[in-house]
Amino acid sequence: MSEKLERVMISEPEDLSSTSSSAKSTIAENIFIVLSILGVIICPLLLIVCFRVVKQYKRAVVLRFGKVRADSPAGPGVIWVLPFTDEVTIIDLRTQSFNLPPQQILTKDSVTVTVDAVGYFHVMEPLQCLLNVQYYRRSTELITIAVLRNVLGQYTLADALTSRQSMSTRTKFEIDAIISDWGIHIERVEIKNILLPFDLQEAMAVEAEATRIAKAKLIEAAGEIQAAVNLREASRIIMENPQIMLLRYLQSLNSIASRQKTSIIFPFPIQIPEPLGQDQFPNTVHQNTNELLNQLKNDLQADKFPENLLQAVPDERGEVAV
């Protein structure tokens with residue numbers, strides 16, 4: 001019990017001394033305030049520095065004897081400041097931007113890239129911005145560089161080139177979590193450029209060209225396969241219907257005959273296939289074939305072809321004159 005009383009007796013003078021020191025400081029501050037007011041009254045010219053105009057997009061943090069004044073942050077409008085006792089710091093609340101110098105960063109797959117970025121932020125709490133960080137703009141730039149290096153180091157080169165938006169969003173959230181105690185809000189971080197070494201650019205260009213050539217060859221091969229399938233189907237249809245071959249022959253011959261000064265030489269006799277006979281082919285098809293043959297003969301007799309070409313045209317019975 002006596003030990004506790006001794007501790008209380010010892011602690012009481014410390015509290016009294018601290019209270020007296022704070023009282024002395026308060027008295028000293030009041031004395032300086034009174035002297036400042038008297039100075040303004042004696043010298044009216046000091047009124048020029050007593051009034052400050054704070055714009056709409058700014059706030060004034062007033063420190064009196066190094067301590068935050070009760071009405072801080074002040075503004076917008078006209079504020080009252082005592083000379084020799086008050087210190088005013090103006091904080092801009094508008095969005096500010098900063099350009100990061102090009103940074104050489106190592107990706108997850110050990111490739112060195114040069115990254116160029118820009119950031120946007122604004123001050124939300126002027127008091128925290130002034131009291132918790134010395135140079136808030138420079139500090140925001142440095143923390144952005146550090147976080148960007150950390151984020152990009154977790155991506156491979158291919159992911160970094162195709163995921164700029166996700167990297168920017170992730171960088172923004174990580175920076176915002178760090179600088180929230182400073183009264184600053186980071187709006188966004190945009191990665192402008194990701195530059196590769198020159199030799200790596202050449203290698204990627206060669207790879208891209210090879211990929212394009214391979215795709216073109218695949219497309220060409222697919223077209224040839226489809227053409228072969230169609231040709232096989234056409235051959236099957238022609239083999240099942242020999243009359244189609246004759247019709248195609250007559251169409252080709254008619255197309256050639258429509259041209260002027262054209263000579264057609266047949267090195268072998270032309271025989272009409274047996275299935276096209278009167279007994280194995282419908283009358284209508286046989287009649288149409290005869291009409292085409294007669295038309296060809298008429299064209300030849302009208303001097304549309306040389307005289308010797310007439311001998312190579314089969315007659316109605318399918319025979320060729322010699």
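The values are calculated or read from the model by the stated rules, or taken from the named source; none is laboratory data. Computed from a prediction, not measured in an experiment: that's the story for all the values here. With ideal geometry, Cβ positions are generated from the backbone for all residues, glycine too; neighbour counts draw on all protein chains shown.
The single condition from (1) in a loop (DSSP other than H, G, I, E, B); (2) among the β-branched types (Val, Ile, Thr); (3) more than 30 Å from Gly75 (Cβ to Cβ) that Val147 fails is (1). If you go through the stretch 188-205 and keep only what is surrounded by 10 or more Cβ atoms within 10 Å (Cβ to Cβ) and part of a helix (DSSP H, G or I), you end up with Leu200, Gln201, Glu202, Ala203, Met204, Ala205. Can you find even one residue in the stretch 119-127 that is surrounded by fewer than 18 Cβ atoms within 10 Å (Cβ to Cβ), at pLDDT 90 or above and in a helix (DSSP H, G or I)? Yes, the stretch 119-127 contains at least one residue that is surrounded by fewer than 18 Cβ atoms within 10 Å (Cβ to Cβ), at pLDDT 90 or above and in a helix (DSSP H, G or I).
For the residues Ile145, Ile213, the requirement of being over 30 Å from Arg59 (Cβ atoms), among the hydrophobic types (A, V, I, L, M, F, W, C) and out of contact with any helix residue (DSSP H, G or I) (no Cβ under 7 Å at 6 or more places or on another chain) singles out Ile213.
For the stretch 194-207, which positions are among the small types (Gly, Ala, Ser) and under 18 Å from Asp109 (Cβ atoms)?
Taking the stretch 194-207 and keeping what is among the small types (Gly, Ala, Ser), we get 203, 205.
Correct list: Ala203 only.
Is it the case, given these coordinates, that Arg138 is surrounded by fewer than 15 Cβ atoms within 10 Å (Cβ to Cβ) and part of a helix (DSSP H, G or I)? Yes: the conditions hold for Arg138.
Just the residues that are farther than 15 Å from Phe51 by Cβ and either modelled with pLDDT under 85 or part of a strand (DSSP E or B) (or both), please, taken from the stretch 73-84. Phe84 - this is the single residue of the stretch 73-84 that is farther than 15 Å from Phe51 by Cβ and either modelled with pLDDT under 85 or part of a strand (DSSP E or B) (or both).
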